[in-house]
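Heads up: the structure comes next, in structure tokens.
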Amino acid sequence: MNLLITNLIKEGIKPVSTTEDEIKFDAGYESYEFYNAILNSAKERLYIYGRKNRKLFTKNNTKIKKLIDNNIDFKCLFLSNKSSESILNMAQDNDNFKNDLEKIILKVKEKFNDNLEYFRKYDFQQTKRIIIVDDLIIYVPVTFENGSVKHFTKKEFSIIKSNSKLGMSLLAEFKKVWDISKSI
């Protein structure tokens, strides 16, 4: 747990409470600093259950490529740009969301065309965001405001161990979504 926490703190994202089972942060999720800390921490496994993953792929393509080249168990889920209009409208209160999502998926296809097996898309509404870094799981419940998912940028989040009861459940959820998702 120390490397990820150390890297988050280096990026200015500090925990607000710690128990034996969970570390809580009151801000910082889905910021550029957050993704920098995660990419610098993953040594064995990095699974991302996101929507459009824009901040992840805006500045970090070289780091992600390096993780893949170093045989890190990498998996990344996107919301499908072919999802129903109601799912896309709920995904974010942003008139350009579908267009932004299509651009990011196209960018990933272009940048990672030899490694597309690491990327998939799902076509339903998430109930939580999940990022798995080695033996730790970062999660954020999805909340709604005016019929759309509230923004995640700089939102509060928690980190738990993947071998905890909740951790095993979240890992199983990620794997289930991965298994039913389609190639990008």
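The values are calculated or read from the model by the stated rules, or taken from the named source; none is laboratory data. Predicted, not measured: the structure shown is a model, and the values here were computed from it. When we count neighbours, we look across all protein chains shown, and the Cβ atoms used for this are built from the backbone with ideal geometry, even at glycine. Note: areas computed on protein heavy atoms with side chains; ligands, DNA, RNA excluded. Shrake-Rupley method; radii C 1.70, N 1.55, O 1.52, S 1.80 Å.
Note on Cα extents along the principal axes in Å: of the candidates [x] 42, 41, 29; [y] 60, 35, 25; [z] 46, 42, 31, the value calculated from this structure sits at [x].
Net charge within 15 Å of Ile180 by Cβ-Cβ distance, Lys/Arg positive one each and Asp/Glu negative one each, not counting Ile180 itself? Display every interim value, and only then the final one.
Details: positive: Lys75, Lys82, Arg120, Lys121, Lys175, Lys176, Lys182; negative: Asp123, Glu173, Asp179.
After counting each charged neighbour, the total is +4.
Please label the shape of the range 7-46 as rounded, prolate or oblate, based on the square roots a ≥ b ≥ c of the eigenvalues of the alpha-carbon gyration tensor (a/c under 1.5 means rounded; beyond that, a/b larger than b/c means prolate, else oblate).
It is oblate, given that a/c is not under 1.5 and a/b is not larger than b/c.
Solvent exposure of the chain amounts to 50 Å² per residue of accessible area, where only protein heavy atoms count and the probe is 1.4 Å. Couplings for the range 32-40, taken from phi via the Karplus curve 6.51 cos²θ - 1.76 cosθ + 1.60 with θ = phi - 60°, read 4, 5, 4, 5, 4, 4, 5, 5, 7 Hz in order; Gly and Pro are left as x.
The antiparallel fraction among DSSP beta bridges confined to the range 1-110 stands at about 40%.
Please work out whether the range 1-92 counts as rounded, prolate or oblate from its C-alpha gyration tensor, where a ≥ b ≥ c are the square roots of the eigenvalues and a/c under 1.5 means rounded, while otherwise a/b larger than b/c means prolate and anything else oblate? Can you show the working numbers first?
Working: a/c = 2.03, a/b = 1.31, b/c = 1.55.
Note, shape of the range 1-92 comes out oblate.
Quick one: with all protein chains in place, what share of the accessible area of the range 1-88 is carbon or sulfur, to the nearest percent (1.4 Å probe)?
Numbers: 1920 of 4120 Å².
The C+S portion of the solvent-accessible surface of the range 1-88 is 47 percent.
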